[in-house]
Amino acid sequence: MKFFSSLIRKRKPIVAILSIITIFVLADYFIGKKQESIISERDAKKQRLEKLAFFMIFPDVQDAGEIAGAPEEYEAVLKIDALADEPVYATYPEVRAYVQTGTTWSEVPIRDKEKGEHEQIIKLEKGQHFYKKIITIKRDIKYTFYQMFGYMHVRLHISMFVVPQSVFKEEEVIERVNDAYMYLKPYFLSDREILKQVKFPNNKVPTMIPMPPH
């Protein structure tokens with residue numbers, strides 16, 4: 001009897017140790033599975049946002065024209081096509097404007113047409129969304145006209161972040177960057193001067209000529 005009692009007393013610490021080890025192993029296993037689930041869910045959210053950002057919204061320039069009484073300013077209409085059946089939440093589009101000068105690009109001022117604050121996060125329902133910007137181009141800018149006589153080669157750099165359900169979380173945002181190009185007629189050149197070098201249907205000289213991405 002003493003032998004069995006001694007054996008039982010010796011086994012108790014061993015059983016306790018094995019139980020503790022088992023608990024730690026199981027805890028580690030379940031924690032690992034939980035982390036895998038979190039990572040998998042995060043990757044799925046990221047892939048969804050990437051799909052919305054790169055395949056469901058398309059920023060571009062719709063039109064641009066001179067502003068009466070403001071010869072150095074043009075009103076540009078930024079267009080965003082939203083194709084998703086569900087709403088896409090994104091930061092308000094930030095735009096920078098450049099005019100080609102030689103082999104480089106010179107930045108020119110651009111601002112929102114409407115004064116005042118705007119929402120930081122915008123909701124893009126399926127369809128088209130428009131934002132009006134004012135581009136200021138000084139007359140003394142040495143723009144490049146060898147691509148099309150008389151016209152300024154203008155680039156709009158559009159950037160925005162697609163976010164989940166209008167909640168801005170740094171680890172769950174996808175940046176959408178797009179460059180839109182156009183030709184702009186200088187306000188100080190007459191139609192007659194341009195028509196001497198370039199032919200247009202019915203001799204109608206457009207202020208803006210859209211260009212494909214390049």
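Couple of notes before you dig in:
- Contour excess over end-to-end distance, with Cα ends at ILE21 and MET211 and 0.36 nm allotted per residue: 61.6 nm
- Dipole orientation for region 56-211: of the candidates VAL95, TYR74, ASN203, ASN203 has the Cα lying most toward the positive pole (charges on Cβ; Lys, Arg +1; Asp, Glu -1).
- Calculated FRET efficiency, VAL177 to ASP43, Cβ-Cβ distance, R0 = 30 Å: about 0.85 to the nearest 0.05.
- Scalar couplings 3J(HN,Hα) for region 139-144, obtained by applying the Karplus form with A = 6.51, B = -1.76, C = 1.60 to θ = phi - 60°, are 5, 7, 5, 8, 6, 9 Hz; x denotes Gly and Pro.
- The loop-placed chymotrypsin sites (Phe, Trp or Tyr not before Pro) in region 129-214, going by DSSP, that have at most 10 neighbouring Cβ atoms within 10 Å of their Cβ come out as TYR146, PHE188.
- Reduced Cα scattering model of region 45-160, Debye log10 I(q)/I(0), q = 0.14 Å⁻¹: -0.67
- Here the dipole of region 56-211 is about 880 debye; that uses its Cα centre as origin and unit charges on the Cβ of Lys and Arg (positive) and Asp and Glu (negative).
- Qualifying trypsin sites (Lys or Arg not before Pro) in region 64-159, DSSP loop, other Cβ atoms within 10 Å at most 13: LYS113, LYS115, LYS126, LYS138, ARG139, LYS142
- Residue separation of ARG139 and ARG111 scaled by 0.36 nm, minus their Cα-Cα distance, works out to 8.2 nm of gained length.
Bear in mind that the values in this text are calculations on the coordinates, not laboratory data. Just so you know, these numbers come straight off a predicted model, no measurement behind them. As a convention, Cβ positions derive from the backbone with ideal geometry for all residues, glycine included, and neighbour counts pool all protein chains shown.
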